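Scroll down for the structure; my scribbles are underneath it.
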Amino acid sequence: MAGASIRPEIGQSRANDCRQFALRVLRGMGQVTFLPRALTGALFATALLAAGWQYALYGVGGAALGTAGAWLLGVDEERRVQGMEGFNSCLVGVSCAVLLDGTRASTALVALLGCAAVTVVTAATGRAFDAWRLPALTLPFCVVASVITLARPAGPVAAYPADGTRALQLDDAARGFLAGFGQVFLLPQWYVGAFVLAGLLVAGPRVAGTACAGNAVGMATAWALGTPVARLTDGVGGYNGVLVALALCGVFLTAGPRTLPYALTGAVVATAVAPAFGATTFTWPFVLTTLVFVAAAPAFPRLTARSGVDR
């Protein structure tokens with residue numbers, strides 16, 4: 001009878017472990033926008049699924065691989081609980097599905113290696129930046145995805161042709177605004193962005209409002225700088241602004257009327273420098289702009305920086 005009573009407990013323990021792991025994976029997906037919420041992650045997974053099963057598979061699978069790899073390597077429990085080891089690997093997985101053929105076995109192998117590599121790069125970047133108390137952000141993803149881009153046989157993604165004759169219409173702007181949220185996951189579909197925005201709304205109106213403001217400012221900046229309408233409609237003008245605004249107004253700096261203009265200025269800068277990174281910018285503009293603005297913040301007494309934030 002003792003053995004019979006132990007077996008259900010073992011089964012319950014395994015079920016609980018699986019549930020906790022799933023929650024960590026979903027939180028890791030939510031951490032793409034600094035939100036360690038399982039519901040946000042679930043909506044982000046739905047967004048990927050709306051674009052195609054391969055994007056959901058590689059995104060969720062990437063987050064799971066990063067989380068599991070961190071456990072195997074003994075990464076701090078708190079980081080794993082908060083999903084901090086899943087967001088870079090999630091983006092690496094999605095980038096493989098976007099840049100390569102997600103239905104091929106070779107793509108799965110590249111994604112597996114990329115997710116393993118990004119866990120190491122995350123640890124190395126975190127240790128290197130710790131002395132300056134700066135976050136790693138999505139820098140590990142950018143490094144690994146850039147290597148994959150350079151190594152793939154197809155070469156870099158071709159740039160959009162210039163379109164100086166077509167004016168930006170209201171429906172273009174609306175589609176581009178929603179697509180800007182989708183481009184956080186490298187996907188240009190407006191309905192993908194709608195699910196991502198829903199995931200942000202889960203965290204509350206302030207978070208969603210800040211993200212929308214960053215998106216709008218980024219898109220307006222890209223339009224003012226002459227970005228072709230096709231690229232604006234695909235959302236490439238707004239996604240860096242979304243991430244910069246969230247980072248500088250509520251994550252690394254306390255959200256408020258003083259930090260919001262600072263964050264939106266960062267959104268403008270990130271959008272303005274994005275063309276320097278070529279056709280596949282990933283989140284390089286967001287990473288570099290946020291690092292500069294976070295490093296500069298202590299010099300401005302009117303801005304209140306949060307201490308101990310680790311990304």
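The values are calculated or read from the model by the stated rules, or taken from the named source; none is laboratory data. In this text the structure is predicted, and so the values were computed from the model without any measurement. Cβ atoms come from the backbone with ideal geometry, glycine included; neighbour counts cover every protein chain shown. We work out accessible area using only protein heavy atoms, side chains counted, and drop any ligands, DNA or RNA first. Shrake-Rupley method; radii C 1.70, N 1.55, O 1.52, S 1.80 Å.
At 1.4 Å probe size, with every protein chain present, just tell me what the per residue accessible area of region 136-270 comes to in Å². Present the calculation step by step, with values, prior to reporting the outcome.
Numbers: 5320 Å² over 135 residues.
For region 136-270, the solvent-accessible area averages 39 Å² per residue.
Mind giving me the FRET efficiency for Ala116 and Asp17? R0 is 25 Å, r the Cβ-Cβ distance, nearest 0.05 is fine. Spell out each step's value before the answer.
On the way: r = 22 Å, r/R0 = 0.88.
So, using R0 = 25 Å, E works out to roughly 0.70.
Sort Asp234, Asp171 by accessible area with a 1.4 Å probe, largest first. List each step's numbers first, then the result.
Working: Asp234 40, Asp171 95 Å².
The residues order as Asp171, Asp234, largest area first.
With r as the distance between the Cβ atoms of Ala173 and Thr265 and R0 = 35 Å, compute the FRET efficiency 1/(1 + (r/R0)^6) and round to 0.05. If you can, show how the numbers build up before the last one.
Numbers: r = 22 Å, r/R0 = 0.62.
Once rounded, the FRET efficiency stands at 0.95.
Local charge sum around Gly193 (other residues, Cβ-Cβ under 11 Å, Lys/Arg +1, Asp/Glu -1)? Spell out each step's value before the answer.
Working: positive: Arg175; negative: Asp234.
Summing Lys and Arg as +1 and Asp and Glu as -1 gives 0.
With unit charges on the beta carbons (Lys and Arg positive, Asp and Glu negative) and the dipole taken about the Cα centre of region 172-311, which residue among Ala263, Gly180, Val192 sits farthest to the positive side?
Working it through, the farthest residue towards the positive pole turns out to be Ala263.
Leu178: accessible area at probe 1.4 Å, nearest 10 Å²?
40
May I ask you to evaluate 6.51 cos²θ - 1.76 cosθ + 1.60, the Karplus curve with θ = phi - 60°, for each residue of region 181-195 and list the ³J(HN,Hα) values in order in whole Hz, giving x for glycine and proline?
6, x, 5, 4, 9, 6, 10, x, 6, 5, 6, 5, x, 5, 5
When the dipole is taken about the Cα centre of the chain, and only Lys, Arg (+1) and Asp, Glu (-1) are charged at their Cβ, what size is it in debye, to the nearest 20? Provide the component values of the computation, followed by the final result.
Values: 20 positive and 13 negative charges, 73 e Å.
I would put it at about 360 debye.
Take Asp76 and Ala295, extend 7 Å from each Cα along the Cα→Cβ direction, and tell me the distance between the two endpoints in nm.
2.2
Pull out a ≥ b ≥ c, the square roots of the eigenvalues of the alpha-carbon gyration tensor of region 34-163, then state rounded if a/c is under 1.5, prolate if not and a/b is larger than b/c, and oblate in the remaining case. Each step should come with its number before you reach the end.
Details: a/c = 1.65, a/b = 1.35, b/c = 1.23.
Taking the square roots of the gyration eigenvalues as a ≥ b ≥ c, region 34-163 is prolate.
Note down the accessible area of Phe195, probe 1.4 Å, to the nearest 10 Å².
Here the residue's solvent-accessible area equals roughly 80 Å².
Please list, in chain and number order, the residues 5+ apart from Leu253 or on another chain whose amide H is under 5 Å from its amide H, with Hs placed from the backbone.
When sequence neighbours closer than 5 places are left aside, the close amide H contacts are Arg306.
Within region 63-219, what whole-number % of the accessible surface is contributed by carbon and sulfur, with the 1.4 Å probe and all protein chains included in the calculation? Before the final figure, lay out each step's value.
Values: 4860 of 7170 Å².
Carbon plus sulfur share of accessible area: 68 percent.
Going highest first, how would you order 213-223, 17-27 by mean Cβ packing within 10 Å? Spell out each step's value before the answer.
Details: 213-223: 24.4, 17-27: 17.7.
Order by mean packing, descending: 213-223, 17-27.
Multiply the residue gap between Ala105 and Thr46 by 0.36 nm, knock off their C-alpha separation, and tell me the result in nm, one decimal place.
Values: separation 59, 0.36 × 59 = 21.24 nm, distance 2.34 nm.
My answer for the length gained is 18.9 nm.
Would you kindly find the accessible area of Glu77, with a 1.4 Å probe and non-protein molecules such as ligands, DNA and RNA excluded, rounding to the nearest 10 Å²?
About 80 Å², ignoring ligands and nucleic acids.
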